[in-house]
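Remarks on the structure that follows.
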Amino acid sequence: MHNRAFAAVWRTARLVALLLVLIAPDLSPVAAAGSPPRARKGSARPRQKPVKAKVAVPAPIPVYSEGSGRMAAWVAAAHDNGALPYLVIDKQAASLLMFSAKGDFLGQTPVLLGIGVGDDSSPGVGAKSLAEIGPAERTTPAGRFVAKFGRAFGGQRVLWVDYANSVAVHAVITTNKSEHRVERLLSPTVDDNRISFGCINVGTDFYARKLRPLFQRKGGIVYILPDTKPLDDVFPRVRLLPYLGATPGE
């Protein structure tokens, strides 16, 4: 009798276990013990993308002359640019330095300048055709200029520095192959960087990628250092630099 009762209980237990397996497979003794459920066939774990290490790009370092170092330090200390980006063009070094509105240095590039040595524009030069402008009149004037983008002859957009005297910053012109303007920009000397009618030519890549995006919306300030005049005569307030707590070339 006991054997029959035990057999009946055993059959009942087996039936209950079978039902549990059929109804709730995850409640099997293995799953209940805390083992992770098996993945379904055909399912794949998502692959994690390898994390690329970020390479730090070194900040550009400006190369200052005595004049450009004093000018850059004074503009930053006096906030003479207001809330606008600015350029410092060193004619003697044939170099352009570019800064953000906050005074952060953004880049430096060689430039081509007017073939005439001098710091003033000839009277009425802006009203003359190019053929009427003599070599001595083809100067890049020195001073502080509020520059804005606008249309030039032929519909080209340029950064006008001195609109009345037709002085602008633009990408290097290559229409006259005999002038070798690109080669002049790339040469290690500044002796051959005088070729334009007074405009400031910069490399096409620097102009398109850096200068134009920074200045095309609101314009900016352009400081052109002199050829022959003392810096303090063209920019008298630079004399105040020692009292502003700034060091030239910072």
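The values are calculated or read from the model by the stated rules, or taken from the named source; none is laboratory data. This structure is a prediction, so every number in the text was calculated from the model and none was measured. Here Cβ is always computed from backbone atoms with ideal geometry, including for glycine, and neighbour counts include all displayed protein chains.
What are the pairs with Cβ atoms under 7 angstrom where one residue, in segment 104-116, is β-branched (Val, Ile, Thr) and the other, located anywhere, is crowded, with 19+ Cβ neighbours inside 10 Å and assigned to a loop (DSSP other than H, G, I, E, B)? Sequence gap at least six, or different chains.
As it stands, the answer is THR109/GLY203; VAL111/ALA94; VAL111/ASN193; ILE115/ARG138, since those pairs meet every condition given.
Could you list, in sequence order, the residues of segment 216-246 that are among the β-branched types (Val, Ile, Thr) and part of a loop (DSSP other than H, G, I, E, B)?
Here is the first cut: in segment 216-246, the residues among the β-branched types (Val, Ile, Thr) are 221-222, 224, 228, 234, 238.
Within segment 216-246, just THR228 meets the criteria.
Enumerate the pairs (first residue in segment 149-165 and touching a residue at least 40 places away in the same chain (Cβ under 8 Å); second residue anywhere and in a helix (DSSP H, G or I) and aromatic (Phe, Trp, Tyr)) with beta-carbon separation below 6 Å, excluding pairs fewer than 6 apart on the same chain, so at least 6 apart or on different chains.
From residues that are touching a residue at least 40 places away in the same chain (Cβ under 8 Å), the pairs are LEU159/PHE215.
So GLU137 clears everything in (1) under 29 Å from LEU84 (Cβ atoms); (2) touching a Lys or Arg at 6+ places or on another chain (Cβ under 9 Å); (3) modelled with pLDDT of 90 or more except one condition, right? Which one?
Of everything listed in (1) under 29 Å from LEU84 (Cβ atoms); (2) touching a Lys or Arg at 6+ places or on another chain (Cβ under 9 Å); (3) modelled with pLDDT of 90 or more, GLU137 misses just condition (1).
For segment 184-223, enumerate the residues that are of a type in the set (D, E, K, R) and crowded, with 17+ Cβ neighbours inside 10 Å. First the steps, then the outcome.
Of segment 184-223, the ones of a type in the set (D, E, K, R) are 184, 191-192, 194, 205, 209-210, 212, 217-218.
ARG184, ARG194, ARG212, listed by residue number.
Of the residues LEU96, LEU112, LEU84, only one is within 18 Å of the chain's Cα centre (by Cα) and over 22 Å from PRO58 (Cβ atoms); which?
Details: LEU96 fails: over 22 Å from PRO58 (Cβ atoms); LEU112 fails: within 18 Å of the chain's Cα centre (by Cα).
Exactly one of LEU96, LEU112, LEU84 is within 18 Å of the chain's Cα centre (by Cα) and over 22 Å from PRO58 (Cβ atoms), namely LEU84.
For segment 194-215, enumerate the residues that are aromatic (Phe, Trp, Tyr), in contact (Cβ under 8 Å) with a residue 60 or more places away in the chain and either more than 17 Å from ILE89 (Cβ to Cβ) or in a helix (DSSP H, G or I) (or both).
Step one: filter segment 194-215 for residues aromatic (Phe, Trp, Tyr), giving 197, 206-207, 215.
From what is left, the residues that are in contact (Cβ under 8 Å) with a residue 60 or more places away in the chain are 197, 206, 215.
Residues satisfying the conditions are PHE206, PHE215.
Examine segment 228-242 for a residue that is closer than 20 Å to LEU106 by Cα and within 28 Å of the chain's Cα centre (by Cα), and state whether such a residue exists. Talk me through it step by step, then tell me what you get.
Of segment 228-242, the ones closer than 20 Å to LEU106 by Cα are none.
No, that holds for no residue.
May I ask you to say which residue of VAL169, VAL182 is under 28 Å from the mean Cα position of the chain (by Cα), at pLDDT 95 or above and under 25 Å from SER100 (Cα atoms)?
Values: VAL182 fails: under 25 Å from SER100 (Cα atoms).
After ruling out the rest, the residue left standing is VAL169.
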